[in-house]
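The values are calculated or read from the model by the stated rules, or taken from the named source; none is laboratory data. Fair warning: this is a prediction, and the values are worked out from it, not measured in the lab. Counting neighbours? That spans all protein chains shown, and the Cβs are built from the backbone with ideal geometry, glycine included.
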Amino acid sequence: MRSETGFTLLEIMLAMLILGMVVAMVSMSLSGSIKVIEGTTDQGNLYYRAQVAFERISEDLNGAMLPDDVEFIGGQEKSGDGQRTLLSFASLAHLVFDAKNDQPGLGLISYAVQPDKEDSRQLLLLRADSLYHPQGGEKSSVETEAFLLSDRLRSVTFTFLDRNGEELETWDTTASSDEPDKKRRLPAAVSCRLEFWLDVDEESTIVFQSTLLLPVGLIRPEDKDDAT
């Protein structure tokens with residue numbers, strides 16, 4: 001007589017259970033690896049955003065000038081549309097996008113932030129740049145357009161350092177009635193702090209900060225009183 005053997009129902013169910021556990025462990029391991037890769041890629045994108053923003057801001061501030069009819073103003077100016085102008089000044093770093101209607105020269109540059117329309121918790125950093133026309137000269141009829149420099153921001157902060165190294169939250173070269181003899185000077189350096197969202201829901205962020213020197217602001221012209 002020949003005996004026939006096979007798997008019992010209990011053995012098959014046990015094998016399926018072990019196979020399910022192995023598949024679940026592999027899936028969890030792959031899911032964790034994918035999350036790590038996505039997180040690393042996301043941080044890399046933020047580093048790139050910060051690098052581009054700092055390079056543009058650095059070039060603008062390195063070329064900062066102080067014409068008689070243009071002020072260097074740094075502060076928190078709010079408008080009705082929710083936009084805040086953080087910084088405005090004249091610079092030799094004017095960008096020419098349209099060679100037919102524009103030309104190189106001194107530019108009027110401003111930086112502003114406004115809430116993202118898709119998510120108001122995130123801010124957009126905007127840069128506006130128009131060619132400078134001296135007082136009495138022909139003014140351009142084209143409205144200055146602001147371009148997006150960076151997104152996914154939680155906060156943008158500019159602080160200003162004078163020649164003595166004192167840090168100030170605002171800087172304004174405009175002469176006031178209280179200080180009619182106020183000397184118009186550029187700051188010696190500007191510190192820029194960019195805080196990006198890593199995860200808005202988890203409220204995790206990453207911060208980049210750099211201090212940028214202003215060559216013209218470092219010059220110490222002799223005062224008339226000292227020369228006499």
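Listing for the model above:
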item	result
Qualifying residue in region 162-178 (condition: within 18 Å of the chain's Cα centre (by Cα) and modelled with pLDDT of 95 or more)	no
Strands (runs of 3 or more DSSP E) contained in region 51-134 and holding at least 3 residues surrounded by 18 or more Cβ atoms within 10 Å (Cβ to Cβ)	84-91, 107-115, 123-131
Any pair with Cβ under 8 angstrom, 6 or more apart, that starts in region 42-54 at a residue that is more than 14 Å from VAL156 (Cα to Cα) and ends at one that is hydroxyl-bearing (Ser, Thr, Tyr) and surrounded by 12 or more Cβ atoms within 10 Å (Cβ to Cβ)	VAL52/SER150
Pairs with Cβ under 8 Å, 6+ apart, first in region 86-108 and closer than 11 Å to SER130 by Cα and of a type in the set (A, V, I, L, M, F, W, C), second part of a loop (DSSP other than H, G, I, E, B) and modelled with pLDDT under 80	VAL96/ASP102; LEU108/THR144
Unmet requirement for LEU194, which otherwise passes all of (1) at pLDDT 95 or above; (2) more than 29 Å from GLN122 (Cα to Cα)	(2)
